[in-house]
Amino acid sequence: MRMKLFIYLAIGLLMIGCSKSTSVVVVDIETSSGLIEVEIDTVAAPITSANFLRYVDGGMYEGGSFFRVVTMENQPEDSIRIEVIQGGANPEYRDRFFDPIPLERTSDTGLKHLDGVISMARGEPDTANHSFFICIGDQPSLDFGGMRNPDGQGFAAFGRVTAGMDIVQSIQGGEVELQRLLQPIQIIKVSRRLK
């Protein structure tokens, strides 16, 4: 497991092309509702960042969507409630999806699930691949030790929205059935911001 983690880290650093002076990559998420700008923290969360960026660079979010929204009102079965929107890659690229990555816990990265933070969705630990979510309001139950996921391991935060939270909130306000948007918001393009 330690060797596998080392390999992921090495690949991550190579893919990011990260130098000591560059710790943040700016990514534009262009949606049918508007533009969301995100800063990806490649130093604090190198494995998760590299994973997200390889889906970005591979164009696999194009044609994907924001398909799930969680509000205080639409999770009656959950005793621990959160507010997020969730998006993912175009399912037509399923055959090109990468293997799941190790979970970078917030206890290791120091990143927290605050308002506007972007994080990887997962079921069990070490199962995240392309699907991500954006927090609306602070969500400490998604950090390590938080119990939104009963295993208490939390989720892998890896950046934050720097512009477009109004777009995030408008997506969250869409009409849903059981947390699924009746009209998913199309992801037109996700790309690194050119310097």
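Just so it is clear, none of the values below were taken in a lab; they were calculated from the coordinates. All values reported here derive from a predicted model rather than from experimental measurement. Glycine also receives a Cβ, built like all others from the backbone with ideal geometry; neighbour counts cover every protein chain displayed.
Between VAL84 and VAL70, ILE136, the built amide H atoms are under 5 Å apart, and every one of these is 5 or more places off in sequence or on another chain. Of PHE133, PHE66, PHE155, the sequence from fewest to most neighbouring Cβ atoms within 10 angstrom is PHE133, PHE66, PHE155. Taking only C-alpha pairs under 8 Å that are 6+ residues apart, what is the relative contact order of the chain in percent? RCO, the chain: 30 percent. Over the chain, DSSP H runs of length four or greater, each weighted -39,500 (n - 2.57), average out per residue to a 222 nm ellipticity of -6000 deg cm²/dmol. For the chain, the membrane-span-like helices by this rule, meaning whole DSSP H stretches whose C-alpha atoms cover at least 20 Å of axis and whose Kyte-Doolittle mean is 1.0 or above, are 2-16; this says nothing about an actual membrane. With neighbours defined as other Cβ atoms within 10 Å of a residue's Cβ, the residues THR109, THR71 order from fewest to most as THR71, THR109.
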